[in-house]
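The values are calculated or read from the model by the stated rules, or taken from the named source; none is laboratory data. None of these values were measured; they are calculated from a predicted model. Neighbour counts run over all protein chains shown; Cβ positions are idealised from the backbone, glycine included.
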Amino acid sequence: MTGDHKRSLMENYLLRTMNANTALTLPQSQSRLPIERRIMRFDYKDIESPVFHSDNAVVSAYWVGLSSSFPLGEAEFIKSVRLFEDQITDARLKDEVQDFAAQEAHHGLQHKLVNKRFDEVGYKTSHIEKFMVEKLDERVRNWSPEKRLMHTVAAEHFTATMAHYALTHADTLGIEPDSVHNLFLWHAIEEIEHKSVAFDVYLNCVGNRFKLRRHYAFFAFIEFPLNMIAMTRFLLKDRGHKTTWAERKGMWQHLFGKQGLFRACWGQYMSFFKKDFHPWQHDDSALVAEWKEKLAPYFAHQPQ
Ligand SMILES: [Fe+2]
Ligand SMILES: [Fe+2]
């Protein structure tokens with residue numbers, strides 16, 4: 001073996017070792033905010049009527065539908081991320097998965113409490129729960145772990161985008177009882193804090209961006225709108241409510257009007273299709289800092 005050949009073998013060995021070490025130490029988490037665990041105190045007794053949004057039964061039922069889907073929906077988010085827990089090599093991302101799970105579990109609990117109050121004023125949120133149980137059972141039986149995680153990543157982008165909307169349109173959000181208004185704003189803070197956890201887990205444990213974008217299109221344009229229409233209709237039908245044209249128009253304005261939710265969120269929703277997308281390309285950390293201060297009186301426990 002010549003001296004040159006020996007040297008090139010040595011160089012190759014060193015390069016391989018360096019690459020392997022770099023791969024092992026490469027951070028997987030790209031979070032920008034600490035994911036804080038808070039215990040909240042809300043008293044939902046200020047919900048006195050099933051119509052609590054802009055005197056519109058349809059818009060009110062839409063928000064109740066969203067709230068009713070959270071306890072089971074968020075439990076599935078936690079499970080789908082935890083399916084990959086053993087494959088995560090970054091200690092920071094591992095910790096974030098725990099904090100993400102703690103936040104989502106507390107969201108589920110608070111929404112359970114508010115849903116109970118919605119039932120007391122005339123809704124049947126158990127109807128939505130039944131609908132969710134059937135959907136999730138079918139998903140767990142037929143979907144691969146990768147597909148379940150993709151679904152969570154897609155839903156997390158949707159919730160983080162709606163969270164951004166809620167915090168930037170708090171004055172015009174239109175939810176009248178203070179407790180429900182603040183519940184959604186607190187939920188929004190935490191959705192932004194943990195918005196990249198499921199995404200980073202997917203990127204590092206699965207990594208197929210094409211499949212992820214394709215699944216997101218299915219979720220954003222088919223599943224989410226159909227689910228929301230179905231849930232709103234179930235809730236209104238259970239109350240025996242006959243929807244008027246004025247209420248339909250109000251609902252359309254709420255979602256697609258000038259300051260409407262989906263119109264305002266459109267750009268951020270669509271950014272998911274960028275080839276190098278990452279949730280923190282939308283840096284809303286200053287917005288979270290502002291709202292953490294405003295909602296601090298509701299935090300029963302503020303971590304040090
Ligand atoms: Fe949540
Ligand atoms: Fe979330």
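Some notes on this structure:
Each row is one residue, and each column tells you yes or no for (1) modelled with pLDDT under 95; (2) in a helix (DSSP H, G or I).
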{"position": "ALA217", "(1), (2)": "no, yes"}
{"position": "LEU226", "(1), (2)": "no, yes"}
{"position": "PHE272", "(1), (2)": "no, yes"}
{"position": "GLU290", "(1), (2)": "no, yes"}
{"position": "LEU295", "(1), (2)": "yes, yes"}
{"position": "PRO303", "(1), (2)": "yes, no"}
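- Flag if GLU129 is acidic (Asp, Glu), touching a Pro at 6+ places or on another chain (Cβ under 9 Å), more than 14 Å from ligand 2 (Cβ to nearest atom) and closer than 19 Å to LYS79 by Cα: yes
- Residues of the range 58-115 that are away from ligand 2 (no atom under 12 Å from the Cβ), without any contact (Cβ under 8 Å) to a residue 60 or more places away in the chain and over 30 Å from HIS254 (Cβ atoms): ARG82, GLU85, ASP86, ALA91, LYS94, ASP95, GLN98.
- The set of residues from the range 182-219 being among the small types (Gly, Ala, Ser) and either touching a helix residue (DSSP H, G or I) at 6+ places or on another chain (Cβ under 8 Å) or within 16 Å of SER271 (Cα to Cα) (or both) comprises ALA188, SER196, ALA198, ALA217.
- Looking only at the range 181-211, and only at residues there that are within 16 Å of ligand 1 (Cβ to nearest atom) and either at pLDDT below 95 or not hydrophobic (A, V, I, L, M, F, W, C) (or both), the one that is farthest from HIS278 (Cα to Cα): ASN182
- First in the range 260-282 and at positive phi, second anywhere and modelled with pLDDT under 95 and in a helix (DSSP H, G or I), Cβ under 7 Å, 6 or more apart: none
- Some residue of the range 69-88 being within 16 Å of ligand 1 (Cβ to nearest atom), farther than 20 Å from LYS147 by Cα and of a type outside the set (Lys, Arg): yes
Residue-wise test of (1) crowded, with 18+ Cβ neighbours inside 10 Å; (2) among the polar types (S, T, N, Q).
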{"residue": "ALA91", "(1), (2)": "no, no"}
{"residue": "HIS106", "(1), (2)": "yes, no"}
{"residue": "PHE118", "(1), (2)": "yes, no"}
{"residue": "LYS124", "(1), (2)": "no, no"}
{"residue": "PHE131", "(1), (2)": "yes, no"}
{"residue": "GLU134", "(1), (2)": "no, no"}
{"residue": "GLU138", "(1), (2)": "no, no"}
{"residue": "SER144", "(1), (2)": "no, yes"}
{"residue": "LEU149", "(1), (2)": "yes, no"}
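- The single residue among GLU146, GLU129 that is farther than 30 Å from LYS45 by Cβ and in a helix (DSSP H, G or I) turns out to be GLU146.
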